Amino acid sequence: MNPEQLKPQIHAWIAALTSLKQLIEYRNSLVGKKGTLTEMLKNVASLSPEEKKTLGKSLNELRADVEAELAKKEKEIREQELKTAENRFIDMTVPAKSHGRTQHPIKIVQSDIIDIVTRMGFSVWRSPTVTTEFDNFDALNIPSWHPARDMQDTFWLTDRRVLATQTSCMQNHLLRTQPKPLRAMVLGSVYRNEKIDATHDIAFEQVEGLVVDKNINIGHLKGTITTILTELFGYEPRFRMRPGYFPFVEPGMEVDLWWGSSASDGTASSGKGRWLEFMGCGLVHPNVLRQADIDPEEYSGFAFGFGLTRLAMIRYGISDIRLFHENKIEFLEQFTV
Ligand code: PHE
């Protein structure tokens, strides 16, 4: 065998190396302690003096050539890697990639809701951060002596104003100022003095629908909820309405959502899943209408409200509510629109 013949092949392999790691491995396999060329050179010792001379010489030459070639390649790779590292500098003036725009999960569900209800003829409102004791409680049939005040651990300001505990705090304002018939949707952040854990935060997002017209009944409420939920989930989810207490609706109800491990499990035909408390609703209490100078004999209405934070957790399988406010890039960049 003439070692010269190996040269072109070895050169081609060296040329194909792309990383320092590869290069070191290849160098070891060839000229390392147990490398192929090293082994060949060792074997030369057992050959005849004549062969020793010629083969030994050309093997040594080959080894020197290979090492020079590897050194050249190593320099090349090191320079290349340095360049790539420099290129990692982020140029803030480059426009973001057009695909995969990210948005906060709460923003995504908010725009979904707005999109759905505006098509249904609702006007869209935002509830205030700070509201009055009257709007948050009294106007909603919860006078100061009423035990229902304790249902929501409220942040009180010094002047009897409060951080809104519910988007329902907009009801009186809407009933008073907007022409009837009324279809309004309120979005807003609400605040409760909760002990923070994986499912409770002191601030979360709610939405609230309020409809007032003549001869409104529970059928209208149920139909509206069905349409909104179907649009939201992309299929008609299975839900149940059961009695629930909210002082500003009569009758009051809670809507439980049947929640399965996959979208198809959430439909009526599937048996797998469990009930999740999802929203409060009911027919607007006559006292609430009276507080806004509306005659309950003439008008009736329904209201429903639910947590958008909760909805986002359900939709995206987010198990810890604190993630929404932590501003972690690893969390946020998962939500593309
Ligand atoms: N405001 C209620 C809550 O925060 C939800 C609700 C809204 C209930 C409208 C009935 C009607 O729990």
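Assorted remarks:
- Once C-alpha pairs closer than 8 Å and six or more residues apart are averaged by separation and normalised to the residue number of the chain, the relative contact order reads 16 percent.
- Angle between the chain longest axis and helix 49-87 axis [Cα atoms, degrees, rounded to 10]: 30 degrees
- Helical runs assigned H by DSSP (4 residues or longer) give the chain a calculated mean residue ellipticity at 222 nm of -12000 deg cm²/dmol, each run adding -39500 (n - 2.57) before division by the residue total.
- Largest to smallest in accessible area, the residues 13, 259 fall in the order 13, 259 (1.4 Å probe, all protein chains included).
- Rg in Å to one decimal, and Dmax rounded to a whole Å, for region 105-332 via C-alpha atoms: 17.4, 55
- Cross-link pairs exceeding 24 Å in C-alpha to C-alpha distance, out of 7/72; 21/73; 21/52; 21/72; 33/72, comprise 21/52.
- Surface composition of region 1-138: carbon and sulfur atoms hold 57% of the protein heavy-atom accessible area at a 1.4 Å probe.
- Under 18 Å from the Cα of residue 328 - aspartates and glutamates, other chains or at least 8 residues apart: 197, 201, 320
- Per residue value of the accessible surface for region 198-337 (all protein chains in place, 1.4 Å probe), Å²: 48 Å²
- Rounded tilt (10° steps) of 20-31 against the dominant C-alpha axis of the chain: 30 degrees
- Span from the region 158-219 Cα centroid across to the region 241-256 one, whole angstrom: 15 Å
- Viscosity 0.890 mPa s, 25 °C: Kirkwood-radius Stokes-Einstein D of region 3-88 over Cα pairs, µm²/s: 174 µm²/s
- Take 26-32, 279-285 and order them by the average number of nearby Cβ atoms within 10 Å per residue, most first; the result is 279-285, 26-32.
- Think of the chain as having a plus end and a minus end, set by charges on the Cβ of Lys, Arg, Asp and Glu; of 193, 273, 29, 29 sits farthest toward the positive end of this dipole.
The values are calculated or read from the model by the stated rules, or taken from the named source; none is laboratory data. What you are looking at is a predicted structure, and each value in this text was computed from that prediction instead of being measured. As a convention, Cβ positions derive from the backbone with ideal geometry for all residues, glycine included, and neighbour counts pool all protein chains shown. Please note that ligands, DNA and RNA were not included when accessible areas were found on the heavy atoms of the full protein model with its side chains. Shrake-Rupley method; radii C 1.70, N 1.55, O 1.52, S 1.80 Å.
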